[in-house]
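> Let me begin by handing over the structure; questions about it come next.
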Amino acid sequence: MSMESNELSAKDRDRLHASLLALADELRALLESFREDAQPVDLDEPIGRLSRMDAIQQQSMAMANRRSSEQRLARVEAALRRIDEDEYGDCLECGEPIALARLDAQPEAMLCVDCQGLRERQLG
Ligand SMILES: [Zn+2]
């Protein structure tokens, strides 16, 4: 068994591929349920000021959830494309392999820990 290469074994890749597919299904189902729940707040409805504020707040939370799920789904789909293109598991920034533990925790990760950290510091 060679320890020289950090590249994903076929077994790890298959496992992560399956996780990504499951994640994509899960996120699509979640987004579908958000769509069903997304009833606009009717401001003419006589529901009282507080409950109306609650409703608006709930709606904006639902929208934020939906947005982050959409963004995650987009990353999952991009990772699936990278599997097809045989580029999955390499950092988009530096090209180094992303640690397997990181991919297991977050199979849609596109950056290694170092580049992710740099990016977050730049954004923050
Ligand atoms: Zn990197």
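> Just to check I understand the Karplus step: with θ = phi - 60° and J = 6.51 cos²θ - 1.76 cosθ + 1.60, what whole-Hz values come out for segment 79-90, glycine and proline as x?
Those phi angles translate into 5, 5, 5, 5, 5, 4, 8, 6, 10, 5, x, 9 Hz.
> Taking the Cα centre of the chain as origin, sum charge times position over the Cβ atoms of Lys and Arg (+1) and Asp and Glu (-1), and report the length of that vector in debye to the nearest 20.
Numbers: 16 positive and 26 negative charges, 84 e Å.
With Lys and Arg at +1 and Asp and Glu at -1, about 400 debye.
> Shifting gears a bit: Whose amide H sits under 5 Å from the amide H of D90, counting only residues 5 or more places off or on another chain, with H placed in the peptide plane?
HN-HN under 5 Å from D90: I98.
> Which value, in Å³ per residue, describes the convex hull spanned by the Cα atoms of segment 59-124?
Dividing the Cα hull volume of segment 59-124 by its residues yields 92 Å³.
> Based on the mean of other Cβ atoms within 10 Å per residue, sort peptides 49-60, 68-79 so the most packed one is first.
Ranking the peptides 49-60, 68-79 by packing returns 68-79, 49-60.
> Given contacts defined as C-alpha pairs under 8 Å and at least six residues apart, what's the relative contact order of the chain, whole-number percent?
28
> In addition: Determine the relative contact order of segment 51-124: mean sequence separation of Cα pairs under 8 Å and six or more apart, normalised by residue count, in whole percent.
24
> Rank Q59, G48, L8 by how far each Cα sits towards the positive end of the charge dipole of the chain (+1 on Lys, Arg Cβ; -1 on Asp, Glu Cβ) and give me just the farthest.
Result: G48.
> Moving to a separate point now. Can you pull the percent of Cα pairs in the chain with separation above 16 Å?
Tail fraction, whole percent: 69.
Each value in this text was obtained by applying a stated rule to the coordinates, not by laboratory testing. A quick note: this is a predicted structure, and the numbers were derived from the prediction, not measured. When we count neighbours, we look across all protein chains shown, and the Cβ atoms used for this are built from the backbone with ideal geometry, even at glycine.
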